[in-house]
């Protein structure tokens, strides 16, 4: 769990400029900077607390609250909501197995959809997260190994992300652009892909 | 608002809806809150939840901040949340999720326009509307502007509606917003009635409030138009809108009504007007009474020995311009000695009622009401004797002011709400002050200058009653004005209430006295050394004091007065604004947050700091614990004090400075050899290292509290790195001792440890020191004294030492550069931090925390808000090259006039 979050932080850091570039095309050019600032704070906070499976929910909540207070843009409450819902889903679990993670992610994605009033096809992070979780759950149900399941999730996430390019944005700042948002990859969908990629690296190995 | 009554004020005491304003920008949120507070009155909690707590990136929204703000605005009646766009909405929704189930149901997220919505909601909340009504008022917030900006009513109102009602405008309905539109069959024809206003003060606060309430009882849309001035029409259900009509005596007002109960509403308004809007028909002192304003010339016929317009020159010791009647301390004190009041015994019994009360806040209404009445009677006696004194002096016009005061003491509009609050279990003092504040706010928002000025009378009389309720002797200076004394002694200054004493002039004394420092700390403009002539100025003579130039003009002409008021123009507004925003964070124009903390040397100071809205305590002088004790205070005793202070600050940081005494402050239980030169002797950390037993006990006490509260530790009088290393070893020793005793202590590194920069050696060696500590705090008083080798209490040399001298500023610059290079922060906790002129220079040097005496917090925060870091840095670079303190001050002033 800690490895996942740390890896996510690293990926965000590495792709900060890229995310910001994407955002400058259809948003307010701050997604990379905002997420990077948020994840730096998260890594700092996580470093302070003592990890362990029994404390997964607490850690997730820490991640959520830190993002909520440091990101600033819409990504703050949205990622915050995702982690908060995951914290709720794992609360009380002594041990969190792959199925629990899948269920938690599912709960997180549902919460993000509710918070952002977004569905697939709206050109948002949901376009990445929803197919990824579906692939993960499907693969696990089919008896796939956790490595395979996460690989499937990662690939579905990447496809979902790429699929946002031709879409018209219906939510968030990009929706002000309407048709002009077509042809640009959604920054939120991109950071969400990094989240799944980090998870695949941490849980799938 | 449900029971049709034209008599009662808004439902005082019942909980009012709270309001939270969420924005990406802290400044926008604060600005909106500021606007809304103008109409809300003190009873409505309005809290700003703007921006991110990220110095480099202040724009954004924070759901956790929204949660805290909802808690701060909490009311049983619920909280309305307004927000700007985008993530503000998401953050508000996330905040809702984070709130407890119980509270969530009483919080409403409202998509109304931010500014108009907040103002409309504030008015509705203040009138006691339930949460849903407040929300619908906010939603209708734009209607006023739309009506104003549209060429004709048909563009804003429904066409059918305007046809029915002639020239009637659609308004933000309050009472009928949920009601159906009248069907054509109903009696909905707009009826008009013309009123001729005979009230001497026009439709001022009370009549207007009654009118608004009356209208609110009917399912009708009522508008008012001032036919005389051509203002309006405006909705009659909005107090603030009615006030905009500026209805004066003799004006003709057109009332129009539409809707199902139009006729009844119209009749009720006509009846109300016929009944004089419920105003007492008793002699209205307000008709002829002069206004007790600071600026109004008082009796000048009482035998002036000094020519009007004469200017006395001395030294300015506390900047600012004040005008007002001369108040001799002695003669004001003559009417003083009223002892404890009839209510005092009752006050004690009410305290036991408080502790016995099952609800925790129930005062006995009978006792409290009796106390309030007693306090009012006592005040009335005081006023009557003042009046007699003034009459005896032949100032019959002035005596009428006191008639107005006496009338206020009998005013049902003040007493009624106070009574109902007392009946609800609130204390007499609380009820009285709320009632006074509510009325003052209501008057203040009026466009009628005459009425606004009467707020002075109201507040003055309110404060006198409050003083009686507190069992205090009457303040030495009761009437607002400029206090005239022979010499400025600290004891006298300590008794000054800045709300009453607008300025201080002293006949004798120099600029460096302790009294002068104290009066500056209180923020009262003052001049000293004005000459003996000052003492022969008759009581009440109008004075114009310039605390910057060090002059007092006696009985100034209107033109002199005018130019002074012009000079001072930004100042009163600024002060007022600063006070209102004292609890808000201080952020520079370009978005850098500067912590403005308070210095404290007692538990009371800490309480004051918390109450005034300081961002924390930047310097806790722990000496008071040691000086007041008979024996060395134990670890447990110290812990109790630190804990109490940390709890008082409720999560805001507290910087605890270890014991800072020298041979000049002997402790009875600590025998020390006398020193010829205590300022250069074994003091501060030097003593602590010489007596590690003493320091260890203090460190252990601090660490125990730091486990639960954000305490920081600071060592005074540090000169070398070796001292810091020894001190750090003692901290570690204390930590491991406690740890092995099983006591919770903060981890190494989680409690910040810093040092004072007050010895030039420390500033010069700051690069080395910065490696060992977490922060610096510059003690400018000692740093200045040690830099110039001057005893600042020695008048013959004191003028050499000025903290604004580039010599001192360069030392601060060295320390700041060293701190920033090492990733540490630097603050200033000396006198200099409280000097608004120094604030931009210090910010420019890299200082990010200013710790000042509690009364200076508001002004310093305001000075921060007027600064921007970039131009401060340029200013700082310029002043470091200047030759003198005077040149620095002149450059700062030039800079201000350029940018301001």
Shape call for the stretch B:35-117 from the C-alpha gyration tensor, a ≥ b ≥ c root eigenvalues: rounded (a/c under 1.5), prolate (a/b greater than b/c) or oblate? oblate
So for each of A:59-68, A:87-96, A:160-169, A:135-144 I average, over its residues, the number of other beta carbons within 10 Å; can you give me the resulting order with the highest mean first? A:59-68, A:160-169, A:135-144, A:87-96
The simple spin-label model distance between residue A:21 and residue B:532, using points 7 Å out along Cα→Cβ, in nm, is 8.5 nm
Which percent of the Cα-Cα distances in the stretch A:49-197 go past 18 Å? 57 percent
Roughly what would the spin-label model give for residue B:772 and residue A:44, points 7 Å off Cα along C-beta, in nm? 2.6 nm
Evaluated over the stretch B:579-688, the Cα radius of gyration and Dmax, each in Å: 16.9, 53
Overall form of the stretch B:732-814 per C-alpha gyration tensor (a/c, 1.5; a/b vs b/c): prolate
Going by average Cβ density within 10 Å per residue, which order do the peptides B:602-614, B:884-896, B:731-743 take, highest to lowest? B:602-614, B:884-896, B:731-743
Using the reciprocal of the averaged 1/r over all distinct C-alpha pairs, how large is the Kirkwood radius of the stretch B:686-825 in Å? 16.1 Å
Most to least packed among B:644-654, B:129-139 [average Cβ atoms within 10 Å]: B:129-139, B:644-654
For the stretch B:622-779, inverting the pair-averaged 1/r of distinct alpha-carbon atoms gives a Kirkwood value in Å of 16.0 Å
Between residue B:679 and residue B:410, how many nm apart are label points set 7 Å from Cα along the C-beta direction? 6.1 nm
Taking the convex hull of the alpha-carbon atoms of the stretch B:782-822 and averaging its shadow over every direction gives an area in square nanometres of 2.8 nm²
Quarter of the Cα convex hull surface for the stretch A:1-71, i.e. its orientation-mean projected area (nm²): 4.5 nm²
So, R0 is 60 Å and r is the distance between the beta-carbons of residue B:604 and residue A:162; what FRET efficiency does that work out to, to 0.05? 0.40
Return the Cα extents of the stretch A:113-166 along principal axes one, two and three, sorted largest first, each rounded to a whole Å. 32, 23, 12
Can you tell me the mean projection area, over all orientations, of the convex hull of the stretch A:134-198's alpha carbons? Units nm², please. 4.5 nm²
Counting only other chains, what is the mean number of Cβ atoms within 10 angstrom of the Cβ of each residue in peptide A:61-70? 4
Inter-chain shielding metric for B:92-98, i.e. average beta-carbon neighbours from other chains within 10 angstrom, reads 5
Among rounded, prolate and oblate, which fits the stretch B:758-898 when a ≥ b ≥ c are the square roots of the eigenvalues of its C-alpha gyration tensor, a/c under 1.5 means rounded, and a/b larger than b/c means prolate? rounded
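Throughout, read-outs are computed from the coordinates displayed, never taken from laboratory work. Keep in mind that what you see is a predicted model, and the values were worked out from it rather than measured. We place every Cβ from the backbone using ideal geometry, glycine too, and count neighbours over all the protein chains shown.
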